[in-house]
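To start, the structure itself, in structure tokens.
The values are calculated or read from the model by the stated rules, or taken from the named source; none is laboratory data. Computed from a predicted structure; not experimentally measured. Glycine gets a Cβ as well: all are built from the backbone with ideal geometry, and neighbour counts include every protein chain shown. Ligands, DNA and RNA are excluded from the accessible area calculation, which covers all protein heavy atoms including side chains. Shrake-Rupley method; radii C 1.70, N 1.55, O 1.52, S 1.80 Å.
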Amino acid sequence: VLREAEKLVAAGVKELLVVSQDTSAYGTDIKYEASPWKDREVRAKFLDLTRELGDLGAWVRLQYVYPYPHVDDVIELMGGNILPYLDIPFQHANTEVLKRMRRPAAQDKTLARIHKWREQCPDLTLRSTFIVGFPGETESEFQDLLDWLDEAQIDRLGCFKYEPVAGATSNTLDNPVPDEIKTARWNALMARQQKISAQRLKRKVGTRQQVIIDEVGPSVAKGRSKADAPQIDGSVYVSSRRPLKVGDIVTAKIERADEYDLHGTVAGF
């Protein structure tokens with residue numbers, strides 16, 4: 001992984017996305033065995049890999065990270081090239097729904113950890129995905145999810161309506177949720193999240209943010225802040241009197257925010 005990342009950075013890549021099915025479980029299959037890297041041995045462990053990636057000079061964005069206890073240690077690395085960004089698939093907030101999903105069901109403890117992470121790293125951006133309409137989900141259980149979102153203040157959120165998948169054990173569960181209720185809950189959750197997103201982005205107005213440029217236009221370029229993964233999160237639209245190139249990392253003064261995007265001017269112009 002480190003050799004591949006080093007080659008990418010040497011070729012001019014400015015941002016590395018660490019993507020896997022379960023990034024924070026990296027190395028468990030080989031018992032975190034160490035391998036030679038440069039002048040030292042490095043363990044195949046999430047923390048060690050992240051630390052080494054951060055020394056290569058590119059932005060490093062961590063995605064699909066399950067919140068195992070050792071994730072807490074990685075928060076301390078954030079702020080430089082390790083972006084203050086975690087993509088954690090929480091899926092739901094109600095304990096009974098999570099049990100039916102066969103997922104860890106301790107979201108109260110998760111809330112406490114989120115608060116601790118943000119104390120350690122105030123600029124931390126959290127992205128997550130959730131499922132509504134899982135078999136047996138009651139109106140009360142769905143309300144628990146909405147209440148949890150109000151408390152957790154997730155920055156970026158994706159939501160799916162549950163659909164049966166061939167071979168899934170959930171196909172045998174009782175009380176399927178009707179499609180019209182799934183749709184209503186999806187709309188309600190996205191409306192709630194839109195308000196949360198708008199409130200959190202509004203706090204960035206007046207700040208200066210580093211922006212990596214993805215597209216350039218005659219007077220406005222489209223890019224992303226450290227809080228935005230490509231294709232799935234928001235964008236930052238920046239005005240500049242000097243020409244910008246794709247891949248440039250510039251500092252922009254944020255002048256306006258809407259529900260999902262920021263708008264600003266390249267600092268100094």
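Some observations on this one:
- Helices (runs of 4 or more DSSP H) fully within the stretch 94-156 that include at least 1 residues being touching a Pro at 6+ places or on another chain (Cβ under 8 Å) and surrounded by 14 or more Cβ atoms within 10 Å (Cβ to Cβ): 95-100, 107-120.
- Counted residues, the stretch 69-85 - those being free of Cβ contacts under 8 Å to residues at least 60 places away in the same chain and either in a strand (DSSP E or B) or of a type in the set (G, A, S) (or both): 3
- Checked against the criterion of being open to solvent by 10 Å² or more (accessible area, probe 1.4 Å) and assigned to a loop (DSSP other than H, G, I, E, B), the stretch 46-53 has no qualifying residue.
- Pick from the stretch 228-269, criterion open to solvent by 40 Å² or more (accessible area, probe 1.4 Å) and in a strand (DSSP E or B), ranking: nearest to Q63 (Cα to Cα): I249
- Residue in the stretch 2-31 that is most open to solvent (accessible area, probe 1.4 Å), counting only those that are over 13 Å from G57 (Cβ atoms), part of a loop (DSSP other than H, G, I, E, B) and of a type in the set (G, A, S): S20
- The selection criterion, being in contact with a strand residue (DSSP E or B) (Cβ under 6 Å, 6 or more places away or on another chain) and of a type in the set (G, A, S), does not hold for A44.
- Scanning the stretch 230-257 for residues that are over 16 Å from P218 (Cβ atoms), among the small types (G, A, S) and out of contact with any His (no Cβ under 8 Å at 6 or more places or on another chain) yields G234, S235, G247, A252.
- Pairs linking a residue in the stretch 201-219 that is touching a residue at least 24 places away in the same chain (Cβ under 8 Å) to a residue that is among the acidic types (D, E) and surrounded by 14 or more Cβ atoms within 10 Å (Cβ to Cβ), with Cβ atoms under 7 Å and 6 or more positions apart or on different chains, are I212/E15; I213/D248.
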